[in-house]
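The values are calculated or read from the model by the stated rules, or taken from the named source; none is laboratory data. As the structure is a computational prediction, the values presented were derived from the model and not from experiment. Note that we place each Cβ from the backbone using ideal geometry, even for glycine, and neighbour counts take in every protein chain shown.
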Amino acid sequence: MPGSFMSLSIFAYDLDERGQPIQAWETVVGHDEAEAVREAKEHAGRHAGILVVKREGKPAVGEEGDPIIVFQSGRTGDFD
C-alpha cells in the first residue's frame, strides 16, 4: 500500500547489577522477518535477552501501529 511502511527492530538486553534486564543496544533491520530472527538468534548467546519487534504505519497520515513481538528469547525489558 502506498504511503505505508513496516520496520523491524532487534533489541538486545544485558543484566544490571541487580539482575534486571536493561537495553544494551537496538538496531533497525530490513523488511525480512526471517532474516531479523536469524540475526537475533546469532546474538542470543551473548546477551541475557533478545527481542525482535515489528511496527507498521502510515507516516503520511501520522499513524504508527502498535509494536508486534516477532521473536523473544531470554530476559527482556522495556523497549520503545
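Data table
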read-out: Checklist (1) in a strand (DSSP E or B); (2) among the acidic types (Asp, Glu); (3) more than 16 Å from Arg75 (Cβ to Cβ) applied to Glu35, failing item; value: (1)
read-out: Test: residue in the stretch 49-67 that is among the acidic types (Asp, Glu), free of Cβ contacts under 8 Å to residues at least 40 places away in the same chain, surrounded by 11 or more Cβ atoms within 10 Å (Cβ to Cβ) and out of contact with any strand residue (DSSP E or B) (no Cβ under 6 Å at 6 or more places or on another chain); value: no
read-out: Subset of the stretch 58-80 that is assigned to a strand (DSSP E or B) and either under 10 Å from the mean Cα position of the chain (by Cα) or closer than 13 Å to Ser9 by Cβ (or both) - its residue that is modelled with the lowest pLDDT; value: Glu64
read-out: In the stretch 21-80, the residues that are closer than 25 Å to Phe5 by Cα and β-branched (Val, Ile, Thr); value: Thr27, Val28, Val29, Val37, Ile50, Val52, Val53, Val61, Ile68, Ile69, Val70
read-out: Inter-residue pairs, beta-carbon under 8 Å, first of a type in the set (D, E, K, R) and in the stretch 11-27, second part of a loop (DSSP other than H, G, I, E, B), 6+ apart; value: Asp14/His47; Asp14/Ala48; Glu26/Phe79
read-out: Residue in the stretch 12-21 that is of a type in the set (Phe, Trp, Tyr) and touching a Ser or Thr at 6+ places or on another chain (Cβ under 9 Å) present; value: yes
